[in-house]
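Taken together, the values in this text are just the output of simple stated rules run on the coordinates, not laboratory data. Computed from a predicted model, the values in this text were never measured in an experiment. Here the Cβ positions follow ideal geometry from the backbone for every residue, glycine too, while neighbour counts run over all protein chains shown.
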Amino acid sequence: MHHVILGAGPAGVIAADTLRKQDAEAQITLISGEPEPPYSRMAIPYLLSGQIDEEGTYLRQDQGHYRNQGIDVVHARAGGVDSENKNLALEDGTELSYDRLLIATGASPIRPSVEGLNLPGVHSCWTLADAREILDRALKGDDVVLMGAGFIGSIILEALVSRGVNLTVVEMGDRMVPRMMDETAGAMLQRWCESKGVNVLTGTQIREIDRGKNRVDVELSSGKSIPAKLVVVAAGVAPNISFLEASGIKTGQGVTVNGFLRTSAKDVYAAGDVAQGKDMSTGAFSVLAIQPVAADHGRIAALNMAGYQTPHEGSLNMNVLDTIGLVSSSFGAWEGVKGGDNTRMSDEHAYRYLRLEFDGDRLAGAQAVGLTDHIGIARGLIQTGLRLGRWKDILMKSPERLAEAYVATAQGISTP
């Protein structure tokens, strides 16, 4: 049996290790599109902040891990898939036959239609090669512009601030992390960043980037121009699916899969940021590009590839950020559900915020700023779907009693 895993991020590496545990004799080929050992993109900010070196980003710290596990790592990029004949073409001209294939090609940064994004000094922050460029250009006191204040952008923001740069963040949305938090929370996060010396411009677009002398000039929709030694582009990501156009494998937002992470093609599976898997909060199938989902997908897909029928019950949409010391989080249907109720508490001065979304008497979504004790509780209530009964009415009036409600309902205590 030859298992080919296309993509060497967390989903691919976990899948390879899982397959080896299930089948000591199978041939396993792990294909990585980058020259380095398989690594975690989510570790790059820690590299930028100096907390780890490049080896610290590697997904397996034992240098002989893949060799010892009998996993053949091939450094190449996918060119196309012939799912009918079970053949994978690589861009270097190599062709591989497979018995079962896992597509775990992840995502790539979106490059907006802005003139000047190809200039020296303008980089994404997605690969180790990007990180090396940023390390050379983001020195203490340097002027740096960050394009985008979404989830990924805010992680990069933290790393850049730790390097002591003079940072300006440009976000086209009306608030920071607009796909993670509401207006109140996003504005709170912005005020916090500004209090730490970061210039945050929301409702603003970068119109053009011009070459200057030993710098670039960033032209804004407001008419202002900002000089910068470095521009970091964090405008979102999109699944890597273009190589599948003639494969016979169905795609939508990402690669479409069923409840076992199988694609429309026989013996082909998908996992991670490229897979359009089940969202347990909504029941819909969508791409949830976060590392815990990728890890879960990789394990479940591998079990199914090995012949152990294992359903994917769904993943929870969850995001947790630590932005210059202020922790924010959102879980599940944080924007609310149709016909549902919501409640919130806010302390603007103390940077504290909690919003709860209900579907009947079940917690469907939550978001919080500065309240770390609520993170595990909100996640647990949403994932388990525990009925809150009368506790729902209490939380509507006093959302800060969430921990009390969780303990009570978990123990079957329906009345306070």
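Under the 0.36 nm per residue contour assumption, what length would be gained going from the current alpha-carbon distance of residue 343 and residue 179 to full extension?
Working it through step by step, the gained length comes to 57.1 nm.
On full extension of the chain, what length is gained from residue 398 through residue 267, given 0.36 nm per residue of separation minus the C-alpha to C-alpha distance?
The span from residue 398 to residue 267 would gain 42.1 nm if fully extended.
So for the stretch 122-233, what are the equivalent ellipsoid semi-axes in whole Å, largest first, each being the square root of 5 times an eigenvalue of the Cα gyration tensor?
Over the Cα atoms of the stretch 122-233, the semi-axes work out to 21, 16, 13 Å.
Among the trypsin sites (Lys or Arg not before Pro) in the stretch 113-160, which ones are in a DSSP loop with at most 12 other Cβ atoms within 10 Å of the Cβ? Mind listing them?
140
Given a cut-off of under 8 Å on Cα pairs at least six residues apart, what relative contact order in percent is computed for the chain?
Worked out over the chain, it gives 14 percent.
Roughly what would the spin-label model give for residue 352 and residue 313, points 7 Å off Cα along C-beta, in nm?
3.4
Using DSSP to define loop residues, name the trypsin sites (Lys or Arg not before Pro) in the stretch 180-256 whose beta-carbon has at most 10 other beta-carbon atoms within 10 Å.
Here the sparse-neighbourhood loop sites are 213, 224.
Could you list the chymotrypsin sites (Phe, Trp or Tyr not before Pro) in the stretch 284-332 that lie in coil according to DSSP, counting only those with at most 13 other Cβ atoms within 10 Å of their Cβ?
308
Using the number of other C-beta atoms within 10 angstrom as an exposure proxy, rank 348, 357 with the fewest first.
Least to most surrounded, the residues fall as 348, 357.
May I ask you to compute the full-extension gain from residue 411 to residue 253, defined as 0.36 nm times their residue separation minus their alpha-carbon distance, rounded to one decimal in nm?
Taking residue 411 through residue 253 to full extension adds about 52.8 nm, to one decimal.
I want to verify the translational diffusion coefficient of the stretch 325-410 in µm²/s; compute it with Stokes-Einstein, Rh as the Kirkwood radius over Cα pairs, at 10 °C and 1.306 mPa s.
Once the numbers are plugged in, D ends up at 126 µm²/s.
Where the Cα atoms of the stretch 251-399 are projected onto their three principal axes, how long is each span, largest first, in whole Å?
Computed over the Cα atoms, the extents are 55, 38, 25 Å.
I'd like the distance separating the alpha-carbon centroids of the stretch 46-72 and the stretch 268-298, in whole Å.
Here the two parts' Cα centres lie 24 Å apart.
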